[in-house]
Amino acid sequence: MIERVLRHERAVVLAGVVVVAGLAWLDLWRRTHGVMDMAMPGMEPWTLAALGATLAMWLVMMVAMMLPSAAPMLLLFAATQRGRATRSGPATVLAFATGYLLVWGGFSVAAAASQVLLQQSMLLSSNLAMTTGWLAPAVLALAGIYQLTPLKHACLFRCRSPLGFLLSRWRDGIGGALAMGLRHGAFCLGCCWALMALLFVGGVMNLAWVAVLALFVLGEKILPGGAWLSRVSGVALLVWAVWLATRS
């Protein structure tokens, strides 16, 4: 009976992640196929509506890319809530997910502001990819170096260890779940922010590139060799940066 309840709990959480992330990917596909033109002329004044649409795009993109990678944590957290037999189990899971996404919402604000500045400076193409000969290699090099730093791997370790995080950061109640979600989101941001900056290299509106980065982030967190994948990618990004710089 208990195992059946736990399977049901996991199925509900997993279905929620799939539906929300799926809708986000569908909206991204809609945007990249011209339903909403996000590639605005750089020198034209930005209207409030355009700024709102840009921020909305980044919010949707972060949900699409990052929510699947949080699924293992959400599944374990839901099972833990069921094991504690708390009446507010579903609400606490939702609070945890909300805290996690709030962190990436903050990143979305910074990313949208960066996009505005880059477009105003005429440094982005119509696909929202960097166009200058030095900026893309610099971002690649920054991301490559960060992939090799102790901070990156400390954050990745916590993202790859849901049980360890829950044991060391547990807080009771809905407020506690929200705080835990915020903390886990902060570790996830510390792990992935440099990879998200690569969106400006391959093109923010390049859905294939967005999907590649999302799959890589997921692989870092769930594959057995995720930590080594991070190190190898750091070296690869540095090589890519040097190659791109020599061609410009």
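The values are calculated or read from the model by the stated rules, or taken from the named source; none is laboratory data. Fair warning: this is a prediction, and the values are worked out from it, not measured in the lab. Note that each Cβ is placed from the backbone with ideal geometry, even for glycine, and that neighbours are counted across all protein chains shown.
Things to note:
- Flag for Leu167 being at pLDDT below 95, over 25 Å from Leu244 (Cβ atoms) and surrounded by 14 or more Cβ atoms within 10 Å (Cβ to Cβ): no
- Close pairs from region 45-70: first of a type in the set (Val, Ile, Thr), partner assigned to a helix (DSSP H, G or I) and at pLDDT below 90, Cβ under 8 Å, at least 6 apart: Val60/Arg31
- Selection status of Met61, in contact with a Pro (Cβ under 6 Å, 6 or more places away or on another chain), buried (at least 21 other Cβ atoms within 10 Å of the Cβ) and either modelled with pLDDT of 70 or more or over 28 Å from Gly203 (Cα atoms) (or both): no
- None of Leu229, Leu195, Leu218 is buried (at least 19 other Cβ atoms within 10 Å of the Cβ) and either of a type in the set (A, V, I, L, M, F, W, C) or in contact with a strand residue (DSSP E or B) (Cβ under 7 Å, 6 or more places away or on another chain) (or both) except Leu195.
- Here is the figure for region 89-129: residues that are of a type in the set (Ser, Thr, Tyr), closer than 21 Å to Leu195 by Cα and under 16 Å from the mean Cα position of the chain (by Cα) total 2.
- Of all residues in region 93-127 being among the hydroxyl-bearing types (Ser, Thr, Tyr) and assigned to a helix (DSSP H, G or I), the one that is surrounded by the most Cβ atoms within 10 Å (Cβ to Cβ): Tyr100
- Given (1) on the phi < 0 side of the Ramachandran plot; (2) modelled with pLDDT under 95, index of the condition Ala236 fails: (2)
- Hits in region 145-172 - residues which are more than 14 Å from Gly190 (Cα to Cα) and of a type in the set (Gly, Ala, Ser): Ser161, Gly164, Ser168
- Residues of region 71-113 satisfying the condition of being polar (S, T, N, Q) and at pLDDT 95 or above: Thr98, Ser108
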